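The values are calculated or read from the model by the stated rules, or taken from the named source; none is laboratory data. Predicted, not measured: the structure shown is a model, and the values here were computed from it. Note: ideal-geometry Cβ built from the backbone for every residue, glycine included; neighbour counts use all protein chains shown. Surface areas here come from the heavy atoms of the whole protein model, side chains and all, with no ligands, DNA or RNA. Shrake-Rupley method; radii C 1.70, N 1.55, O 1.52, S 1.80 Å.
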Amino acid sequence: MSEVRINDVEQFDIVKCYQQFLKDDPDVSMSIAAIESLAELIKHSNATTLSEFMESLKDASQKLKSSVKNSISLSAGADLFMRFVTRTSHDVTNFEACKEHLMNSGKVLVQKAAAVREKIAELGVQFIKDDAVILIHSYSRVVMLLLQRAAAYKKRFKVYVTESRPSYLGIRATKLLREAGIPATVIYDSVVGYIIDKVDAVFVGAEGVVENGGLINAIGTYQLAIVAKAANKPFYAVIESYKFVRLFPLNQYDLPTHTSDLLAFPDLENRESIKEENMDSINPTVDYTPPDYITLLCTDLGVLTPSGVSDELIKLYL
(Lines give C-alpha, C1' and ligand atoms only; values in the text may rest on other atoms or scores of the structure.)
Protein backbone atom coordinates (compact mmCIF):
# COMPACT_ATOMS: atom_id res chain seq x y z
CA MET A 1 0.00 0.00 0.00
CA SER A 2 1.60 3.28 -1.09
CA GLU A 3 1.95 6.21 1.28
CA VAL A 4 0.14 9.50 0.83
CA ARG A 5 1.56 12.14 3.14
CA ILE A 6 -0.82 14.83 4.38
CA ASN A 7 0.66 17.18 6.98
CA ASP A 8 -2.57 18.88 7.99
CA VAL A 9 -5.57 16.68 8.69
CA GLU A 10 -7.89 19.50 7.69
CA GLN A 11 -6.32 19.56 4.22
CA PHE A 12 -6.90 15.89 3.48
CA ASP A 13 -8.65 15.57 0.12
CA ILE A 14 -10.11 12.12 -0.55
CA VAL A 15 -10.36 12.73 -4.31
CA LYS A 16 -6.74 13.88 -4.65
CA CYS A 17 -5.65 10.93 -2.53
CA TYR A 18 -7.57 8.53 -4.81
CA GLN A 19 -6.10 10.10 -7.94
CA GLN A 20 -2.59 9.84 -6.48
CA PHE A 21 -2.99 6.12 -5.80
CA LEU A 22 -4.04 5.58 -9.42
CA LYS A 23 -1.10 7.65 -10.66
CA ASP A 24 1.45 5.88 -8.45
CA ASP A 25 0.41 2.38 -9.53
CA PRO A 26 -0.89 1.93 -13.11
CA ASP A 27 -1.93 -1.64 -12.26
CA VAL A 28 -4.20 -0.70 -9.38
CA SER A 29 -7.93 -0.91 -10.10
CA MET A 30 -10.39 1.85 -9.26
CA SER A 31 -11.97 -0.45 -6.66
CA ILE A 32 -8.72 -0.96 -4.78
CA ALA A 33 -7.71 2.71 -5.07
CA ALA A 34 -11.06 3.60 -3.46
CA ILE A 35 -10.40 1.20 -0.58
CA GLU A 36 -6.87 2.59 -0.13
CA SER A 37 -8.20 6.15 -0.07
CA LEU A 38 -10.86 5.41 2.53
CA ALA A 39 -8.30 3.59 4.69
CA GLU A 40 -6.03 6.64 4.39
CA LEU A 41 -8.89 8.88 5.48
CA ILE A 42 -9.25 6.83 8.67
CA LYS A 43 -5.60 7.57 9.49
CA HIS A 44 -6.28 11.32 9.25
CA SER A 45 -9.71 11.32 10.87
CA ASN A 46 -10.37 13.80 13.69
CA ALA A 47 -13.65 12.12 14.65
CA THR A 48 -14.14 11.64 18.39
CA THR A 49 -17.28 9.51 18.27
CA LEU A 50 -18.27 6.47 16.26
CA SER A 51 -21.29 8.20 14.70
CA GLU A 52 -19.14 11.17 13.61
CA PHE A 53 -16.55 8.77 12.22
CA MET A 54 -19.12 6.77 10.24
CA GLU A 55 -20.68 9.94 8.85
CA SER A 56 -17.30 11.24 7.66
CA LEU A 57 -16.59 7.95 5.87
CA LYS A 58 -20.00 7.94 4.19
CA ASP A 59 -19.50 11.52 3.03
CA ALA A 60 -16.04 10.70 1.69
CA SER A 61 -17.33 7.61 -0.12
CA GLN A 62 -20.07 9.66 -1.79
CA LYS A 63 -17.57 12.38 -2.72
CA LEU A 64 -15.37 9.78 -4.40
CA LYS A 65 -18.28 8.38 -6.40
CA SER A 66 -19.32 11.85 -7.52
CA SER A 67 -15.80 12.76 -8.66
CA VAL A 68 -15.76 10.49 -11.72
CA LYS A 69 -18.08 10.14 -14.69
CA ASN A 70 -18.09 6.34 -14.53
CA SER A 71 -18.07 5.22 -10.89
CA ILE A 72 -19.05 1.55 -11.33
CA SER A 73 -15.73 -0.02 -10.32
CA LEU A 74 -14.98 2.68 -7.75
CA SER A 75 -18.39 2.19 -6.14
CA ALA A 76 -17.85 -1.55 -5.85
CA GLY A 77 -14.68 -1.04 -3.79
CA ALA A 78 -16.08 1.81 -1.70
CA ASP A 79 -19.30 -0.05 -0.89
CA LEU A 80 -17.40 -3.22 0.01
CA PHE A 81 -15.14 -1.31 2.41
CA MET A 82 -18.07 0.60 3.92
CA ARG A 83 -19.87 -2.70 4.53
CA PHE A 84 -16.76 -3.99 6.28
CA VAL A 85 -16.59 -0.80 8.38
CA THR A 86 -20.23 -1.21 9.44
CA ARG A 87 -19.65 -4.82 10.47
CA THR A 88 -16.49 -4.01 12.41
CA SER A 89 -17.96 -1.02 14.22
CA HIS A 90 -20.58 -3.32 15.75
CA ASP A 91 -17.99 -5.78 17.01
CA VAL A 92 -15.34 -3.48 18.50
CA THR A 93 -16.07 -1.51 21.68
CA ASN A 94 -12.87 0.60 21.78
CA PHE A 95 -13.13 3.42 19.21
CA GLU A 96 -9.38 3.88 18.65
CA ALA A 97 -8.87 0.12 18.41
CA CYS A 98 -11.65 0.03 15.84
CA LYS A 99 -9.90 2.68 13.69
CA GLU A 100 -6.60 0.83 13.92
CA HIS A 101 -8.24 -2.45 12.95
CA LEU A 102 -9.93 -0.83 9.93
CA MET A 103 -6.69 0.74 8.71
CA ASN A 104 -4.89 -2.59 8.95
CA SER A 105 -7.74 -4.41 7.24
CA GLY A 106 -7.66 -1.90 4.39
CA LYS A 107 -3.97 -2.62 3.90
CA VAL A 108 -4.64 -6.35 3.87
CA LEU A 109 -7.36 -5.95 1.22
CA VAL A 110 -4.98 -3.97 -0.97
CA GLN A 111 -2.15 -6.46 -0.50
CA LYS A 112 -4.47 -9.32 -1.48
CA ALA A 113 -5.50 -7.64 -4.74
CA ALA A 114 -2.50 -8.91 -6.71
CA ALA A 115 -2.95 -12.44 -5.32
CA VAL A 116 -6.61 -12.33 -6.37
CA ARG A 117 -5.65 -11.80 -10.01
CA GLU A 118 -3.07 -14.57 -9.83
CA LYS A 119 -5.70 -16.99 -8.55
CA ILE A 120 -8.13 -16.04 -11.31
CA ALA A 121 -5.44 -16.51 -13.95
CA GLU A 122 -4.71 -20.01 -12.65
CA LEU A 123 -8.40 -20.91 -12.74
CA GLY A 124 -8.94 -19.44 -16.19
CA VAL A 125 -6.07 -21.21 -17.96
CA GLN A 126 -8.17 -24.38 -18.24
CA PHE A 127 -10.50 -22.62 -20.68
CA ILE A 128 -7.74 -21.93 -23.20
CA LYS A 129 -7.06 -24.92 -25.42
CA ASP A 130 -4.04 -25.56 -27.62
CA ASP A 131 -4.26 -23.95 -31.06
CA ALA A 132 -7.25 -21.87 -29.95
CA VAL A 133 -8.17 -18.48 -31.39
CA ILE A 134 -9.23 -16.14 -28.59
CA LEU A 135 -11.17 -12.89 -28.88
CA ILE A 136 -10.82 -10.25 -26.16
CA HIS A 137 -12.34 -6.80 -25.82
CA SER A 138 -10.40 -3.66 -24.90
CA TYR A 139 -7.82 -3.98 -22.08
CA SER A 140 -8.31 -5.89 -18.84
CA ARG A 141 -5.46 -6.46 -16.39
CA VAL A 142 -6.79 -9.81 -15.25
CA VAL A 143 -7.51 -11.05 -18.79
CA MET A 144 -3.98 -10.07 -19.80
CA LEU A 145 -2.55 -11.96 -16.83
CA LEU A 146 -4.61 -15.03 -17.72
CA LEU A 147 -3.33 -15.03 -21.32
CA GLN A 148 0.25 -14.52 -20.18
CA ARG A 149 -0.13 -17.39 -17.72
CA ALA A 150 -1.47 -19.67 -20.47
CA ALA A 151 1.52 -18.77 -22.65
CA ALA A 152 3.87 -19.53 -19.75
CA TYR A 153 2.29 -23.00 -19.60
CA LYS A 154 3.35 -23.45 -23.26
CA LYS A 155 -0.19 -23.28 -24.58
CA ARG A 156 -0.31 -22.22 -28.21
CA PHE A 157 -3.03 -19.75 -29.14
CA LYS A 158 -3.69 -16.55 -31.05
CA VAL A 159 -5.65 -13.50 -29.98
CA TYR A 160 -7.91 -11.06 -31.77
CA VAL A 161 -8.26 -7.81 -29.82
CA THR A 162 -10.98 -5.22 -30.46
CA GLU A 163 -9.59 -1.70 -30.73
CA SER A 164 -12.30 -0.56 -28.29
CA ARG A 165 -13.21 2.93 -29.36
CA PRO A 166 -13.20 5.59 -28.01
CA SER A 167 -10.45 4.58 -25.55
CA TYR A 168 -8.47 2.52 -28.11
CA LEU A 169 -7.21 0.41 -25.21
CA GLY A 170 -7.23 -2.64 -27.46
CA ILE A 171 -4.11 -1.25 -29.15
CA ARG A 172 -2.33 -1.21 -25.79
CA ALA A 173 -3.45 -4.78 -25.08
CA THR A 174 -2.23 -5.97 -28.49
CA LYS A 175 1.19 -4.39 -27.97
CA LEU A 176 1.60 -6.04 -24.55
CA LEU A 177 0.52 -9.45 -25.85
CA ARG A 178 3.05 -9.28 -28.67
CA GLU A 179 5.78 -8.26 -26.21
CA ALA A 180 4.87 -11.41 -24.23
CA GLY A 181 5.34 -13.53 -27.36
CA ILE A 182 1.63 -14.08 -27.96
CA PRO A 183 0.41 -13.65 -31.57
CA ALA A 184 -2.17 -10.86 -31.46
CA THR A 185 -4.02 -8.74 -34.01
CA VAL A 186 -6.06 -5.63 -33.29
CA ILE A 187 -9.38 -5.41 -35.16
CA TYR A 188 -12.03 -2.74 -35.62
CA ASP A 189 -14.96 -3.14 -33.22
CA SER A 190 -17.21 -3.57 -36.24
CA VAL A 191 -15.20 -6.59 -37.47
CA VAL A 192 -16.36 -8.91 -34.65
CA GLY A 193 -19.13 -10.48 -36.72
CA TYR A 194 -16.76 -11.00 -39.63
CA ILE A 195 -14.19 -13.02 -37.63
CA ILE A 196 -16.40 -14.77 -35.06
CA ASP A 197 -16.48 -18.07 -36.98
CA LYS A 198 -12.69 -18.28 -36.58
CA VAL A 199 -12.92 -17.70 -32.82
CA ASP A 200 -12.98 -20.54 -30.25
CA ALA A 201 -13.75 -18.48 -27.13
CA VAL A 202 -14.34 -14.91 -25.99
CA PHE A 203 -12.79 -13.49 -22.80
CA VAL A 204 -13.68 -10.14 -21.26
CA GLY A 205 -12.98 -8.36 -18.01
CA ALA A 206 -15.56 -6.13 -16.32
CA GLU A 207 -15.90 -2.91 -14.40
CA GLY A 208 -18.61 -4.53 -12.35
CA VAL A 209 -20.70 -7.68 -11.96
CA VAL A 210 -24.30 -6.97 -10.95
CA GLU A 211 -26.62 -8.98 -8.74
CA ASN A 212 -28.11 -11.14 -11.49
CA GLY A 213 -24.67 -12.10 -12.83
CA GLY A 214 -24.68 -9.60 -15.70
CA LEU A 215 -21.68 -7.44 -16.58
CA ILE A 216 -20.99 -3.74 -16.79
CA ASN A 217 -17.98 -3.22 -19.02
CA ALA A 218 -16.44 -1.13 -21.78
CA ILE A 219 -18.89 -0.18 -24.49
CA GLY A 220 -19.16 -2.88 -27.13
CA THR A 221 -19.11 -5.80 -24.69
CA TYR A 222 -22.85 -6.39 -25.06
CA GLN A 223 -22.81 -6.53 -28.86
CA LEU A 224 -19.77 -8.84 -28.71
CA ALA A 225 -21.75 -11.14 -26.37
CA ILE A 226 -24.73 -11.12 -28.73
CA VAL A 227 -22.53 -12.09 -31.68
CA ALA A 228 -20.79 -14.80 -29.64
CA LYS A 229 -24.10 -16.35 -28.59
CA ALA A 230 -25.47 -16.26 -32.14
CA ALA A 231 -22.32 -18.09 -33.30
CA ASN A 232 -22.49 -20.54 -30.36
CA LYS A 233 -19.12 -19.46 -28.96
CA PRO A 234 -18.38 -19.55 -25.20
CA PHE A 235 -18.28 -16.13 -23.56
CA TYR A 236 -16.20 -15.98 -20.36
CA ALA A 237 -16.04 -13.09 -17.91
CA VAL A 238 -12.83 -12.83 -15.90
CA ILE A 239 -13.45 -10.69 -12.83
CA GLU A 240 -12.28 -9.96 -9.27
CA SER A 241 -14.92 -10.43 -6.58
CA TYR A 242 -14.28 -6.94 -5.18
CA LYS A 243 -15.97 -5.67 -8.34
CA PHE A 244 -19.29 -7.33 -7.48
CA VAL A 245 -21.79 -4.47 -7.19
CA ARG A 246 -25.24 -4.21 -5.63
CA LEU A 247 -27.05 -3.11 -8.76
CA PHE A 248 -29.88 -4.79 -10.65
CA PRO A 249 -30.21 -3.11 -14.05
CA LEU A 250 -32.98 -4.36 -16.32
CA ASN A 251 -31.53 -2.71 -19.41
CA GLN A 252 -28.90 -0.23 -20.59
CA TYR A 253 -30.88 2.75 -19.36
CA ASP A 254 -30.87 1.57 -15.74
CA LEU A 255 -27.10 2.03 -15.50
CA PRO A 256 -25.98 4.83 -13.15
CA THR A 257 -23.83 6.17 -16.01
CA HIS A 258 -26.86 6.78 -18.24
CA THR A 259 -28.04 10.36 -18.72
CA SER A 260 -30.62 11.95 -21.00
CA ASP A 261 -27.82 13.58 -23.02
CA LEU A 262 -26.48 10.23 -24.22
CA LEU A 263 -27.35 9.50 -27.85
CA ALA A 264 -29.61 12.54 -27.95
CA PHE A 265 -30.79 13.78 -31.34
CA PRO A 266 -29.52 17.27 -32.23
CA ASP A 267 -31.68 20.17 -33.26
CA LEU A 268 -32.12 19.97 -37.04
CA GLU A 269 -31.23 23.65 -37.29
CA ASN A 270 -27.87 22.95 -35.68
CA ARG A 271 -25.42 23.07 -38.57
CA GLU A 272 -22.38 22.15 -36.49
CA SER A 273 -20.11 19.75 -38.32
CA ILE A 274 -19.74 16.22 -36.99
CA LYS A 275 -16.52 15.95 -34.98
CA GLU A 276 -15.14 13.02 -33.01
CA GLU A 277 -14.92 15.03 -29.79
CA ASN A 278 -18.63 15.87 -30.12
CA MET A 279 -19.42 12.18 -30.65
CA ASP A 280 -17.49 11.24 -27.52
CA SER A 281 -19.60 13.55 -25.38
CA ILE A 282 -22.94 12.00 -26.39
CA ASN A 283 -21.93 8.33 -26.63
CA PRO A 284 -21.87 5.88 -23.68
CA THR A 285 -18.57 4.44 -22.47
CA VAL A 286 -19.96 1.32 -20.77
CA ASP A 287 -22.80 -1.09 -21.43
CA TYR A 288 -24.68 -3.86 -19.64
CA THR A 289 -24.48 -7.50 -20.75
CA PRO A 290 -27.37 -9.60 -19.37
CA PRO A 291 -26.50 -12.94 -17.72
CA ASP A 292 -28.13 -14.98 -20.51
CA TYR A 293 -25.16 -14.19 -22.76
CA ILE A 294 -22.46 -15.24 -20.28
CA THR A 295 -21.20 -18.81 -20.22
CA LEU A 296 -19.21 -18.65 -16.97
CA LEU A 297 -17.54 -16.14 -14.67
CA CYS A 298 -13.99 -16.92 -13.61
CA THR A 299 -13.43 -15.26 -10.23
CA ASP A 300 -11.23 -15.55 -7.15
CA LEU A 301 -14.24 -17.19 -5.46
CA GLY A 302 -14.17 -19.93 -8.08
CA VAL A 303 -15.77 -20.53 -11.45
CA LEU A 304 -19.38 -19.34 -11.18
CA THR A 305 -22.48 -19.47 -13.31
CA PRO A 306 -24.19 -16.07 -13.57
CA SER A 307 -26.90 -17.26 -11.17
CA GLY A 308 -24.22 -17.99 -8.56
CA VAL A 309 -23.25 -14.31 -8.27
CA SER A 310 -26.26 -13.37 -6.15
CA ASP A 311 -25.33 -16.05 -3.59
CA GLU A 312 -21.81 -14.64 -3.32
CA LEU A 313 -23.10 -11.08 -2.95
CA ILE A 314 -25.33 -12.20 -0.12
CA LYS A 315 -22.27 -13.67 1.63
CA LEU A 316 -20.30 -10.44 1.09
CA TYR A 317 -22.99 -8.08 2.38
CA LEU A 318 -24.79 -10.02 5.11
Net charge dipole size for the chain [Lys, Arg +1 and Asp, Glu -1 on Cβ; Debye, nearest 20]:
1080
Roughly how many Å² of R178 are accessible to a 1.4 Å probe, to the nearest 10?
140
Determine the order of Y188, Y236, Y153 by accessible area, beginning with the largest, at a probe radius of 1.4 Å.
Y188, Y153, Y236
Based on the alpha-carbon gyration tensor of the chain and its eigenvalue square roots a ≥ b ≥ c, which shape applies: rounded if a/c is under 1.5, prolate if not and a/b is larger than b/c, or oblate?
prolate
Among 240-247, 11-18, how do they line up by average Cβ neighbours within 10 Å per residue, starting with the highest?
240-247, 11-18
To the nearest Å, what is the center-to-center distance of the stretch 176-191 and the stretch 55-102, using C-alpha atoms only?
39
Residue order for M279, M103 - accessible surface, 1.4 angstrom probe, largest first:
M279, M103
With angles folded into 0 to 90 degrees, how steeply does helix 30-43 sit against the dominant principal axis of the chain? Use alpha carbons for both and round to 10.
10
Quick one: helix 221-230 against the long Cα principal axis of the chain, what's the angle to the nearest 10°, folded into 0 to 90?
40
Neighbours of T295 by Cβ distance under 11 Å: Lys/Arg at +1, Asp/Glu at -1, summed charge +1
Using Cα positions and a limit of under 18 Å, work out the lysines in reach of K69, with same-chain residues fewer than 8 apart set aside.
K16, K23, K243
In nm, the gap between the two label points placed 7 Å beyond Cα toward Cβ at Q19 and V191 is 3.7
Compare Y194, Y139 by solvent-accessible area with a 1.4 Å probe and give them largest first, with all protein chains kept in place.
Y194, Y139
Give the residues of the stretch 35-65 whose amide nitrogen is closer than 17 Å to a point set 7 Å from the Cα of K112 in the direction of its Cβ.
35-39
